[in-house]
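Reviewing the structure listed below.
We did not get these values from a lab; they are worked out from the coordinates using the rules stated. These numbers come from a predicted model, not from an experiment. Cβ placement follows ideal geometry from the backbone for every residue including glycine, while neighbour counts extend to all protein chains displayed.
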Amino acid sequence: MVPLLTAVGHDVIGLVRPGGAGRAPVATGTEVVIADALDREALRRAVREAAPDAVVNMLTAIPATIDPKRLSRDFALTNRLRTEGTRNLIDAAGEARIISQGLAYAYQPGEGPADEDAPLWRTGTPRQFAPVLDALVELERLTTQAGGLVLRLGHLYGPGSIYSAEGSFTRQARAGKVPLVGGGNAVFSFTHADDVAAAVAAALDKDGVTGVLNVVDDHPVPLHEWLPAFSGILGGRAPGKAPAALARLAVGRWGVAFMNELRGADNARARLSLDWRPRYASVLEGFAADLSAETARSL
């Protein structure tokens, strides 16, 4: 995101938490300010000193590997960043425009891709996912109340993600350790990291766009289609099958729901509002391009 925004003419300042400067995901030479987003006064001082025209809120602390049976534990800090951190950031930003990261796979399960008016997963919500959803709802409320824009992202893939050549999901899939649970009927909408950057750049050029937008690829794909294709690209074992009742003992209600109940999202509104297009129409194209490129670089 930072190199792209810089290339199109933005002066970018990265917010880095104390002690994280050496690992800051910013381009060489990019200015940074140091503050913990959960320290209200320190954040206010840092942001007011930077005096940005716009604030892009990508605050998360998602671990590299997630235990679906303990999702609420693994997302506890991210939930605080999406609520308390977002509140602090908006307060510190003053009149600056706010663009926040949301999720496009928190929709109530149903038929067909969900547009932005579809209800979120409030009925039959898996217990471990409930606090995550609550935090997302609060993030969206805070952002839209401030006249900002929420980009609901799909499952993030690309370099550095869990789906990259060295990512945690890729390692498991290559070893045949990701089975199709209960048929693998969940429908996934993915978003490439490059497409997130492009959508943010487009949003910064569209002052009047507010509310929420699904920033996902064009073609949602069921797990039972993309997982075997993904394993094939990796040259790994074909995924096995596991009954949902048995899998629930290992991954819990949320793990089974993640593989069977997720609903894909529709990107028509983002395409129209932002004049934005995903780099890859389908994640299967993106996986093939990304993983072959990463493999070639490692040789």
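The table below lists the values:
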item	result
Relative contact order (percent, whole number), the chain, Cα cutoff 8 Å, 6+ residue spacing	20 percent
Within region 148-165: backbone nitrogen closer than 19 Å to the ASP207 label point (7 Å, Cα to C-beta)	148-150
Hull-based mean projected area of region 128-197, where the convex hull spans the alpha carbons, in square nanometres	6.4 nm²
MRE, 222 nm, helices only [DSSP H, n ≥ 4, -39500 (n - 2.57), over the chain, to nearest 500]	-12000 deg cm²/dmol
Degrees between helix 130-145 axis and first principal axis of the chain (Cα, 0 to 90, nearest 10)	30 degrees
For region 182-299: span of alpha carbons on each principal axis (Å, largest first)	50, 39, 19
The chain: angle of helix 40-50 to the longest principal axis, Cα-based, in degrees nearest 10	70 degrees
Loop GluC sites (Glu not before Pro), region 56-154, which have at most 14 other Cβ atoms in a 10 Å radius of their Cβ (DSSP)	GLU95, GLU111
Qualifying trypsin sites (Lys or Arg not before Pro) in region 99-161, DSSP loop, other Cβ atoms within 10 Å at most 15	ARG122, ARG127
Radius, Kirkwood style, for region 85-209 when every pair of distinct Cα atoms is counted (Å)	16.7 Å
Calculated P(r) of region 1-160 - Cα pairs past 19 Å, %	59 percent
Sequence-distant residues sharing a close amide H with VAL32 (under 5 Å, placed H)	GLY14
Distance in nm between pseudo-label sites at VAL137 and LEU4 (7 Å out along the Cβ direction from Cα)	3.1 nm
Least to most buried among ARG70, ARG279 (fewest other Cβ within 10 Å first)	ARG70, ARG279
Nonlocal amide H pairs with ALA265, under 5 Å, H built at 1.01 Å	ALA114, SER189
Equivalent ellipsoid dimensions for region 188-241 as semi-axes, Å, which come from the Cα gyration tensor, largest first	33, 12, 6
Rg and Dmax of the chain, Cα atoms only, in Å	19.1, 56
DSSP beta bridges in the chain [antiparallel fraction, %, rounded to 5]	10 percent
Distance (nanometres) between label positions extended 7 Å along Cα→Cβ at THR30 and ALA250	3.8 nm
In degrees, nearest ten, helix 283-298 long axis to first principal axis of the chain (Cα)	80 degrees
